[in-house]
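See below for the structure under consideration.
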Amino acid sequence: VLLAVATAASEGERVLLLQKIRSDVRRLKKGKIASHKANVHLVNAGINSLEGNTEAAIDALETSLPFLEEDGVGLLLAAAKRRLGQLRGGDSGTTTFEEGSRFMEEQGLVDPDRITATLVPGFDSKLG
């Protein structure tokens, strides 16, 4: 939730929120549950994106995918793939983005952009 707030915050507020989020991530890293590990990487991806570090955001998203697959979190996996595709760009990015979008369409979801923004916050809201 704080990452979504940081996305819309002023620069000064964003710095403080990102410090708090990093502290929460350090605690979350100690967990043994696959989805916790995935969430650590997803939150780090959002932090890196907000700080303009696209390569680190891509790395964090890529690292989250096996944990999401292991835990069977299909919707979160689809949202992560959409974000990863968004950042990668090119043919590879388009393919990854479409994989995530296809899952959401198969589930009958009406607004994949909003769902992605909610589940994997911290990125430019323009998808596709």
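The values are calculated or read from the model by the stated rules, or taken from the named source; none is laboratory data. Here the structure is a predicted model, which means the values were calculated and not measured. So basically every Cβ, Gly included, is an ideal-geometry build from the backbone, and we count neighbours across all protein chains shown. Just so you know, the surface numbers come from the protein's heavy atoms only, side chains and all, with ligands and any DNA or RNA stripped out. Shrake-Rupley method; radii C 1.70, N 1.55, O 1.52, S 1.80 Å.
Computing the accessible area with a 1.4 Å probe over protein heavy atoms, can you report the carbon and sulfur percentage for the stretch 67-117?
Of all accessible area on the stretch 67-117, carbon and sulfur atoms account for 46 percent.
Would you work out which of Val120, Val110, Val40 lies farthest towards the positive end of the dipole of the chain? Charges go on Cβ: Lys and Arg +1, Asp and Glu -1.
Of the candidates, Val40 comes out farthest on the positive side.
Normalised by the number of residues in the chain, what is the relative contact order in percent for Cα pairs under 8 Å and 6+ residues apart?
Relative CO of the chain lands at 24 percent.
For the stretch 50-128, what is the accessible area per residue in Å², given a 1.4 Å probe and the full set of protein chains?
Counting only protein heavy atoms, the per-residue value for the stretch 50-128 is 53 Å².
Going by a ≥ b ≥ c, the root eigenvalues of the Cα gyration tensor, does the stretch 19-81 fall in the rounded group (a/c under 1.5), the prolate group (a/b larger than b/c) or the oblate group?
Since a/c reaches 1.5 but b/c is at least a/b, the shape of the stretch 19-81 is classed as oblate.
What residue among Glu55, Glu11, Glu106 shows peak mean-square fluctuation when the chain is described by a Gaussian network model with Cα springs under 10 Å?
Comparing Glu55, Glu11, Glu106 in a Gaussian network model of the chain, the most mobile one is Glu106.
Might you report the magnitude of the Cβ-based charge dipole of the chain about its Cα centre, with Lys and Arg at +1 and Asp and Glu at -1, to the nearest 20 debye?
Working: 16 positive and 18 negative charges, 132 e Å.
For this selection, approximately 640 debye.
Looking at the chain as a GNM with Cα springs under 10 Å, which of Gly46, Gly12, Gly93 has the largest mean-square fluctuation?
Taking springs between Cα atoms under 10 Å, the residue moving most is Gly12.
Could you tell me which of rounded, prolate or oblate describes the stretch 66-117, using a ≥ b ≥ c as the square roots of the eigenvalues of the alpha-carbon gyration tensor, with rounded for a/c under 1.5 and, failing that, prolate when a/b is larger than b/c and oblate otherwise?
Cα axes put the stretch 66-117 in the oblate bin.
So what is the 222 nm mean residue ellipticity for the chain from helices alone, if each DSSP H run of at least 4 adds -39500 (n - 2.57) and you divide by all residues, rounding to the nearest 500 deg cm²/dmol?
-25500 deg cm²/dmol
Given (i) 38, 33, 26; (ii) 48, 32, 28; (iii) 37, 33, 32, which label gives Cα extents along the principal axes in Å as computed from the coordinates?
(i)
Across the chain, how many lysine pairs, 8 or more positions apart or on different chains, have C-alpha atoms separated by under 24 Å? Please give the number.
Lysine pair count for the chain: 9.
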